[in-house]
Amino acid sequence: QVQLVESGGGLVQPGESLRLSCVFSGSIFRFHTMGWYRQAPGKQRELVATITTNSRTDYTNSVKGRFTISRDNAKNTVYLQMNSLKPEDTAVYYCHAHWGTGDYWGQGTQVTVSS
């Protein structure tokens, strides 16, 4: 059974940075495409960034140039480096793993950007 455990969220001021981590267990990490999603209050969950098994990355337009997704297959961990944070980045951030017919979610970590 795949488990995903996120960490690294918190309260920051606009312009500051955070790095989210997601530790994967229960299967073969390097076979999975990994992603970060977020859900703001009253809004639908949206895709933020993905990284494939060969480390090809993709981002939603609103975070391009500010966020970087990466993976460390030796540590079974995916990261989301978030720079130049804005109030509109405030949301619960969820880690996601996909391989074949399997889709798995973490419990989420809160990111709040406020002055």
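Quick notes
- Of all residues in region 43-83 being in a strand (DSSP E or B) and β-branched (Val, Ile, Thr), the one that is surrounded by the most Cβ atoms within 10 Å (Cβ to Cβ): VAL78
- Test: residue in region 24-38 that is assigned to a loop (DSSP other than H, G, I, E, B) and either more than 20 Å from VAL2 (Cα to Cα) or touching a helix residue (DSSP H, G or I) at 6+ places or on another chain (Cβ under 7 Å) (or both): no
- Close pairs from region 57-68: first closer than 19 Å to THR33 by Cβ and at pLDDT 95 or above, partner open to solvent by 60 Å² or more (accessible area, probe 1.4 Å) and among the hydrophobic types (A, V, I, L, M, F, W, C), Cβ under 7 Å, at least 6 apart: THR60/LEU47
The values are calculated or read from the model by the stated rules, or taken from the named source; none is laboratory data. Every value quoted in this text rests on a predicted model; they were computed, and no experiment measured them. Virtual Cβ from ideal backbone geometry, glycine too; neighbours counted across all protein chains shown. Side chains are part of the model used for accessible areas, which takes the heavy atoms of the whole protein and leaves out ligands, DNA and RNA. Shrake-Rupley method; radii C 1.70, N 1.55, O 1.52, S 1.80 Å.
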